[in-house]
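Engineer: Have a look at this one.
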Amino acid sequence: MLKGKKVLLRPVKRSDISLFLKWFNDPEVTQYLVMYLPMTEMAEEKWIEELATTRAGSDVVFIIEVKTGELTKPIGNCGLFRINHKDQTAEFGIAIGEKDCWGKGYGTEATRLLVDYGFKQLNLHRISSPVFEFNERSIKLHQKVGFQEEGRRRQARFKNGQFWDEVLFGLLRNEWSKD
Ligand SMILES: CC(C)(COP(=O)(O)OP(=O)(O)OC[C@H]1O[C@@H](n2cnc3c(N)ncnc32)[C@H](O)[C@@H]1OP(=O)(O)O)[C@@H](O)C(=O)NCCC(=O)NCCS
């Protein structure tokens, strides 16, 4: 478990399936994500199962929980995907599925916790992260955490009736905290 001031990151449980189904069938959330087909219970079960099997060495996923007094409430997930042990690279992904929790600093803190874990525990050298050009909140988050814009894949993604650029962000370990 990774603990911050406002949020903590904990491993995924089977009982999180109902949360995933709610979050990833909400078009207001999925408009910002690469996924676009309805998320079924069977697909979610398989996805969670694979975290412990075929993807155990390559994907690390956490549930983001927000602290409310003594209790905590799950609000979304984040992870490092396609971890490459030779090149020491991974791709970052995050989704806060509880929309009333957007814009409260939770995503930024969760990202900082995960990035720190990636560099200091997984020994990553580089973390990359593609963001749709219209996702201003996510672009702001990446900039605040220290990601650099490295380029754009022009009109690479079709969402909401039109093609959009994908902004490519990257963060190197020596640009992260040196302590
Ligand atoms: C993107 C996401 C992870 C950001 O997390 P968050 O907790 O909402 O963001 P934070 O509150 O930590 O920071 C967002 C920043 O964007 C700013 N912001 C908020 N709403 C904004 C808007 N509509 N336009 C531009 N900036 C906005 C905030 O002011 C904040 O910056 P500040 O701290 O300088 O004030 C979250 O909103 C989310 O999961 N959205 C849906 C799925 C998604 O987009 N995933 C990312 C795919 S790349």
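Engineer: With a 1.4 Å probe and all protein chains in place, put Arg10, Arg137, Arg173 in order of accessible area, largest first. Let's see the in-between values first.
Structural biologist: Working: Arg10 25, Arg137 120, Arg173 80 Å².
The ordering from most to least exposed comes out as Arg137, Arg173, Arg10.
Engineer: Another question about this same structure. Could you pull the accessible area for Leu37 with a 1.4 Å probe, rounded to 10 Å²?
Structural biologist: It works out to around 110 Å².
Engineer: Of Val61, Val12, Val115, which has the largest mean-square fluctuation in a 10 Å C-alpha GNM of the chain?
Structural biologist: Between Val61, Val12, Val115, it is Val12 that shows the largest mean-square fluctuation.
Engineer: Solvent-accessible area per residue for the range 47-121 at a 1.4 Å probe radius, Å²? Before the final figure, lay out the partial values.
Structural biologist: Numbers: 3490 Å² over 75 residues.
With the other protein chains kept in place, the range 47-121 gives 47 Å² per residue.
Engineer: If the cut-off is a Cα-Cα distance under 13 Å, which aspartates and glutamates reach Lys73, setting aside same-chain residues fewer than 8 apart in sequence?
Structural biologist: List returned: Asp16, Glu65, Glu98, Asp100.
Engineer: Per residue and in cubic angstrom, what volume does the convex hull of the Cα atoms of the range 1-104 have? Please list the in-between numbers first.
Structural biologist: Numbers: hull volume 12.6 nm³, N = 104.
Taking the convex hull of the Cα positions in the range 1-104, it is 121 Å³ per residue.
Engineer: Please identify the DSSP H helices in the chain that span no less than 30 Å along the helix axis (Cα) and have a mean Kyte-Doolittle hydropathy of -0.5 or more.
Structural biologist: On the way: long enough: none.
None pass (Cα extent of 30 Å or more, hydropathy at least -0.5).
Engineer: Can you bin the range 66-145 into rounded, prolate or oblate? Criterion: square roots of the alpha carbon gyration tensor eigenvalues sorted a ≥ b ≥ c, rounded for a/c under 1.5, prolate for a/b above b/c, oblate for the rest.
Structural biologist: Numbers: a/c = 2.32, a/b = 1.43, b/c = 1.62.
In terms of gyration-tensor shape, oblate.
Engineer: What aspartates and glutamates does Lys144 reach when the alpha-carbon gap must be under 20 Å and sequence neighbours fewer than 8 apart in one chain are set aside?
Structural biologist: Glu91, Glu109, Asp116, Glu133, Glu136, Glu166, Glu175, Asp179
Engineer: Tell me the carbon and sulfur percent of the accessible area for the range 64-111, rounded to whole percent, probe radius 1.4 Å.
Structural biologist: Details: 1140 of 2250 Å².
Carbon plus sulfur share of accessible area: 51 percent.
Engineer: Over the chain, what lengths in whole Å, largest first, do the semi-axes of the equivalent ellipsoid take, defined as the square roots of 5 times the eigenvalues of the alpha-carbon gyration tensor?
Structural biologist: Numbers: eigenvalues 98, 90, 62 Å².
Result for the chain: semi-axes of 22, 21, 18 Å.
Engineer: Something else about it: At a 1.4 Å probe radius, which order do Glu44, Glu133, Glu175, Glu109 fall into by accessible area, largest first?
Structural biologist: Descending accessible area places them as Glu175, Glu133, Glu109, Glu44.
Engineer: Cross-link candidates for Lys46: which lysines have Cα within less than 23 Å, leaving aside residues fewer than 8 places away along the same chain?
Structural biologist: Lys13, Lys22
Engineer: Per DSSP helix of 4 or more residues, -39500 (n - 2.57); summed, then divided by the residues of the chain. What does that give at 222 nm, rounded to the nearest 500?
Structural biologist: On the way: 5 runs with 47 residues, N = 179.
Counting only the DSSP helices, I get -7500 deg cm²/dmol.
Engineer: When a/c is below 1.5 the answer is rounded, else prolate if a/b is larger than b/c, else oblate, so apply that to the range 1-56 with a ≥ b ≥ c taken from the square roots of the Cα gyration tensor eigenvalues. Intermediate values should be presented prior to the final figure.
Structural biologist: On the way: a/c = 1.99, a/b = 1.18, b/c = 1.68.
In terms of gyration-tensor shape, oblate.
Engineer: Moving to a separate point now. Using modelled backbone amide H atoms (1.01 Å from N, in-plane), which distant-in-sequence or interchain residues come within less than 5 Å of Lys159's amide H?
Structural biologist: For Lys159, whose amide H was placed from the backbone, the distant partners under 5 Å are Trp164.
The values are calculated or read from the model by the stated rules, or taken from the named source; none is laboratory data. Fair warning: this is a prediction, and the values are worked out from it, not measured in the lab. We work out accessible area using only protein heavy atoms, side chains counted, and drop any ligands, DNA or RNA first. Shrake-Rupley method; radii C 1.70, N 1.55, O 1.52, S 1.80 Å.
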